[in-house]
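A.B. asks: Just passing along the structure, written as structure tokens.
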Amino acid sequence: MVDRSDNRRASQGIHRKVLKGCFPGECTQQGFALGSQERTVVYYTCPISVSPFARLKETSPAMAEEKVKDEAMQIIGMFQILPRLVVFDLDYTLWPFYCECRSKREMPSLYPQAKGILSGLKEKGIEMAVASRSPTSDIANTFLDKLNIKPLFLAKEIYSSWTHKTEHFQKIHTRTGVPFTEMLFFDDEDRNIKSVSKMGVTSILVGNGVTLGAFRQGLTEFTQNHNSMEKNKQVWRDKYSGKPASSETDKD
Ligand SMILES: [Mg+2]
């Protein structure tokens, strides 16, 4: 006899099986045995017939990437002022390892939200670049190829350097023509963030790879930096044109 709770379990992909020879409360490989002394009822999750509800909860990597991409595009849509170029470090920013510790023969993987964010930026027409101090540019380029993300980047500066990436950014600026103040940069090393932000690039330190949270923070700080720069420009314009300084009410 099947009771109502069995129907509820079945709707979750959990099925009932009557076994002999087990004792009530005994753990089995499939589930947890319940029942009377005469017979034992085992509830198990069917590996084949999973309910539609349970199936909705499952997300393939492609679905997860698409979801992150949609969220990244929503975040971009919240901002009126956007960077012209977003620059990413590689090791521990886009992927969770140092290139020089890996072999070209391996198949690398990105941080969970990295691909969706890159796809969102591409969809919105925002250019991207790479600035990495990896000493093994051959491995880095092989991995970018294997991950199918190499064509996303307008410029790729990958070489070891003591300049904490100021040289990388000079080259990216020369190649793309984008001013430093129109760039947004993500990196996991504080020394790179400090030196590059002094050039005028909005620079965001990531703790565990690039995430939607870091991405939103980056766009927020970019807008704040842009607004304060515009205010400063206005102050200088007023100063040299002989006009009185803007009043408090004009500032916003
Ligand atoms: Mg790094």
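The values are calculated or read from the model by the stated rules, or taken from the named source; none is laboratory data. What you see is a predicted model, and the numbers here were worked out from it, not measured in a lab. Quick reminder, even Gly has a Cβ in these numbers, built from the backbone with ideal geometry, and neighbours come from all protein chains shown.
A.B. asks: Name the pairs: first residue in the range 181-203 and within 14 Å of residue 170 (Cβ to Cβ) and touching a residue at least 60 places away in the same chain (Cβ under 8 Å), second residue within 11 Å of the ligand (Cβ to nearest atom) and assigned to a helix (DSSP H, G or I), Cβ to Cβ under 9 Å, at least 6 apart or on different chains?
C.D. replies: Hits for this filter: 185/192; 185/193.
A.B. asks: Hand me the list of strands (runs of 3 or more DSSP E) wholly inside the range 112-213 holding 1 or more residues that are among the small types (Gly, Ala, Ser). Quick ask: steps written out before the conclusion?
C.D. replies: Working: elements: 127-132, 153-158, 183-187, 202-205.
So the answer is 127-132, 153-158, 202-205.
A.B. asks: State the number of residues belonging to the range 108-148 that are farther than 22 Å from residue 179 by Cβ and over 14 Å from the mean Cα position of the chain (by Cα).
C.D. replies: Result for the range 108-148: 18.
A.B. asks: Can you tell me how many residues within the range 96-125 are among the acidic types (Asp, Glu) and either at pLDDT 95 or above or away from the ligand (no atom under 12 Å from the Cβ) (or both)?
C.D. replies: Total satisfying the criteria: 2.
A.B. asks: Here's a follow-up. Going by what's in this entry, would residue 184 be described as modelled with pLDDT of 95 or more, over 18 Å from residue 99 (Cβ atoms), in the same structural domain as residue 108 (by TED's automatic domain parsing) and not charged (D, E, K, R)?
C.D. replies: Taking the combined requirement at face value, the residue satisfies it.
A.B. asks: Let me ask another. Taking residue 68 as the residue in question, decide whether it is closer than 26 Å to residue 175 by Cα and at pLDDT 95 or above.
C.D. replies: No: the conditions fail for residue 68.
A.B. asks: Got a sec? Which of 163, 93 is modelled with pLDDT under 95 and within 16 Å of the ligand (Cβ to nearest atom)? Even if it seems obvious, please write down each step before you answer.
C.D. replies: On the way: 93 fails: modelled with pLDDT under 95.
Sole residue among the options that is modelled with pLDDT under 95 and within 16 Å of the ligand (Cβ to nearest atom): 163.
A.B. asks: Would a scan of the range 98-108 turn up a residue that is more than 19 Å from residue 222 (Cα to Cα), touching a residue at least 60 places away in the same chain (Cβ under 8 Å) and of a type outside the set (Phe, Trp, Tyr)?
C.D. replies: Just the residues of the range 98-108 that are more than 19 Å from residue 222 (Cα to Cα), to begin with: 98-108.
If we keep only those that are touching a residue at least 60 places away in the same chain (Cβ under 8 Å) as well, we get none.
Taking every residue of the range 98-108 in turn, none turns out to be more than 19 Å from residue 222 (Cα to Cα), touching a residue at least 60 places away in the same chain (Cβ under 8 Å) and of a type outside the set (Phe, Trp, Tyr).
A.B. asks: In the range 133-148, how many are within 13 Å of the ligand (Cβ to nearest atom) and out of contact with any helix residue (DSSP H, G or I) (no Cβ under 6 Å at 6 or more places or on another chain)?
C.D. replies: Matching residues across the range 133-148 total 1.
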